[in-house]
Amino acid sequence: MLELDSTSLAVFTTLAPAGMVAFVVMALLRSTVADHAGKRRVDHLLAIPFLLVLSGFITSTAHLGTPTNALYVITGAGRSPLSNEVVSVLAFLFLAGSYWMAAISRDLPRQVAGAWIAAGSVAAIIAVGFTSIAYSIETIPTWNTIYTPLALVAGALGAGCLLSEGIYLFAGGLKPTRSTVLLVAYALSCLVVLTAMVLLRIELDTITTFVAKASGLAMGYDVRLGFYAISSAGALCALFNASFREEISTKTRLALACASAFAALWGVFLVRDLFYQTYMTVGV
Amino acid sequence: MGKAFYFDSALCTGCKTCELACKDYHDLDEGITFRRVFDIEGGSWELPAGGGPAVRQGVYVYHVSLACCHCDFGVCMEVCPTGAMHRDEQGLVWPDHDKCVGCGYCSMACPYGAPSLDLEAKKSSKCDGCTGRVADGGKPVCVEACPVRALEFGLESEVLSAHPDSVRCVPPLPDPSFTGPNLYVGPCPASEMAQEQGGWVANEGEV
């Protein structure tokens, strides 16, 4: 049985990758905004993905017994998959947080802003990559599969696209074609997550040791995947209405965007929590 | 060449003196055990077809005394984000509590279940091979406590020359290729039956 506080890790691996992908998508969309005022509005809203990542990161420290020794993690980049993950997330938080503070307090030269936000985006991509492979440990056969990074990256990609679309509604919304692309990306990502988790479920049946069968770890597996599908479909419907129904009020539109974000993140959390329940080593 | 444990499954009676000596020497709390003794059972029996007194049976039981194997490729060290889990000059692996962040990744990754989180100290804790005793020329306390001398400890070369027929894995231990454990096991007929027929850990709740 897993000794870790897996709930805090599930929260972290839900919020942080989704927030980092949202930051990257928003940064990409920001580069297409022509007017200065529009860019400033987006800069203000970049606080949302930043805060999502920050809150996930803070939550993750709940599984540490002695967080006061965390400095050794930070100085240990390259030492282990976990230290790489932590250092890369911290690098993102530093770059994104400093950019946001600088951007809202003064007019940054266009090239400086572009370089700064690009650096934050690169850090985000690296951090999502490190987070996705942090659990690829050879002695844990149920985690050491292609489905682990695939489900995490796809979940983050989908939630990040959906969050970006929702956040842009607070800045007046995107062009319909871009909204459509983001919503389709979300739907496709959800399908990838579902496929990966179904294939993992099939693979669990083949993993056995002298003391345990991995198939026994999958109690409630299908039900949880069902809830994930329902949450994701709900999130998609809510945001579709918020983005494309012109007759609804701004208040309703924003409420739908918030509900959609919550449903999407809840769905990802269910899958992440399910992932931690499939823990089993090759030994005793 | 480093140091290694040898465990003779043919001699072990499952008395758990090694386990208790370790707990006593390291002053471990109720919830922490560095060395655990697995009771492995298997097989079945059947009544004779035409009746009669003789029951045909193929049941077996044996024990495996298991602590940290101080592996050559210790996965606990590989996943440790702070470098707290390290190998000392004796070749023994243990966590430096001044660096340990208590993340639990070592206990998560170890296929021998050797490290565990000390809930009071909020740090990883595990068998250190009695490194202090070994540095003074002694042996781990579990080895000295074993009443039937089923446990031995020494240079790997000495262990191998004394027990050339030893193996590195009997059920329920994992394939040694994962971590390169410095544990050699003297197999017994029962462990060979378990290898062929399967079986179960009879004291799962205890270990």
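The values are calculated or read from the model by the stated rules, or taken from the named source; none is laboratory data. This one's a predicted model, so the numbers in the text were calculated from it and none came from an experiment. When we count neighbours, we look across all protein chains shown, and the Cβ atoms used for this are built from the backbone with ideal geometry, even at glycine.
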inquiry  = Need pairs with beta-carbon distance below 8 Å; first residue more than 8 Å from chain A (Cβ to nearest Cβ) and within the stretch B:189-207, second among the acidic types (Asp, Glu); sequence gap 6+ or separate chains.
reply    = B:Ala202/B:Asp39; B:Ala202/B:Glu41; B:Asn203/B:Asp39
ask   = Can you name every residue in the stretch B:23-68 that is aromatic (Phe, Trp, Tyr) and part of a loop (DSSP other than H, G, I, E, B)?
value = B:Phe34
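Can you tell me how many residues within the stretch B:34-68 are in contact (Cβ under 8 Å) with a residue 24 or more places away in the chain and not small (Gly, Ala, Ser)?
15
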key: First in the stretch A:247-268 and farther than 15 Å from A:Ser189 by Cβ, second anywhere and assigned to a helix (DSSP H, G or I) and among the acidic types (Asp, Glu), Cβ under 9 Å, 6 or more apart   = A:Ala257/A:Glu165
key: Meets criteria (within 21 Å of A:Gly155 (Cα to Cα) and within 21 Å of the chain's Cα centre (by Cα)) for A:Leu191   = yes
Residue under evaluation B:Pro48, criteria (1) farther than 30 Å from A:Ile58 by Cα; (2) of a type outside the set (A, V, I, L, M); (3) within 10 Å of another protein chain (Cβ to nearest Cβ), criterion not met = (3)
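When the residues of the stretch B:90-126 are narrowed to those that are charged (D, E, K, R) and part of a loop (DSSP other than H, G, I, E, B), which ends up farthest from the other protein chains (Cβ to nearest Cβ)?
Step by step, filter the stretch B:90-126, then rank; the result is B:Lys126.
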task = Hey, could you check the stretch A:49-69 for residues that are of a type in the set (A, V, I, L, M, F, W, C) and farther than 18 Å from A:Ala127 by Cα and say which is farthest from the other protein chains (Cβ to nearest Cβ)?
result = A:Ala62
inquiry  = One residue is enough: does the stretch B:175-184 have a residue meeting the conditions surrounded by 18 or more Cβ atoms within 10 Å (Cβ to Cβ), modelled with pLDDT of 95 or more and within 18 Å of B:Thr33 (Cβ to Cβ)?
reply    = yes
note = Taking the stretch B:111-140 and keeping only residues that are of a type in the set (A, V, I, L, M, F, W, C), buried (at least 17 other Cβ atoms within 10 Å of the Cβ) and free of Cβ contacts under 8 Å to residues at least 60 places away in the same chain, one is left with B:Leu117
task = Spot the failing condition for A:Ile207; the list is (1) of a type in the set (Val, Ile, Thr); (2) within 14 Å of chain B (Cβ to nearest Cβ); (3) within 22 Å of the chain's Cα centre (by Cα), and only one is missed.
result = (3)
Options B:Asp24, B:Asp29: the member that is in contact with an Asp or Glu (Cβ under 9 Å, 6 or more places away or on another chain) and exposed (fewer than 15 other Cβ atoms within 10 Å of the Cβ) = B:Asp29
task = For residues that are within 20 Å of B:Cys127 (Cα to Cα) and hydrophobic (A, V, I, L, M, F, W, C), tally how many sit in the stretch B:161-207.
result = 6
request  = Report, by residue number, each residue of the stretch A:230-284 that is within 14 Å of chain B (Cβ to nearest Cβ), closer than 26 Å to A:Pro149 by Cβ and of a type outside the set (S, T, N, Q).
outcome  = A:Phe275, A:Tyr276, A:Tyr279, A:Met280, A:Val282, A:Gly283
remark   = Output for Cβ contacts, cut-off 6 Å, separation at least six or different chains, first residue farther than 19 Å from A:Ser231 by Cα in the stretch A:172-188, second of a type outside the set (A, V, I, L, M) and part of a helix (DSSP H, G or I), reads A:Leu174/A:Tyr168; A:Ser179/A:Glu165; A:Ser179/A:Ser243
Tally of residues being within 22 Å of B:Thr13 (Cβ to Cβ), more than 10 Å from every other protein chain (Cβ to nearest Cβ), part of a loop (DSSP other than H, G, I, E, B) and touching a strand residue (DSSP E or B) at 6+ places or on another chain (Cβ under 9 Å) across the stretch B:146-182 = 7
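Residues in the stretch A:202-221: is at least one closer than 27 Å to A:Val21 by Cα and of a type in the set (A, V, I, L, M, F, W, C)?
no
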ask   = Quick one: which of A:Val73, A:Val87, A:Val122 is part of a helix (DSSP H, G or I), within 14 Å of chain B (Cβ to nearest Cβ) and at pLDDT 95 or above?
value = A:Val87
query = Hey, among B:Phe73, B:Phe7, which residue is of a type outside the set (Lys, Arg), within 17 Å of the chain's Cα centre (by Cα) and surrounded by 18 or more Cβ atoms within 10 Å (Cβ to Cβ)?
reply = B:Phe7
request  = Please enumerate the residues belonging to the stretch B:75-89 that are assigned to a loop (DSSP other than H, G, I, E, B) and either aliphatic (A, V, I, L, M) or at the interface with another protein chain (Cβ under 10 Å from one of its Cβ atoms) (or both).
outcome  = B:Cys80, B:Pro81, B:Thr82, B:Gly83, B:Ala84
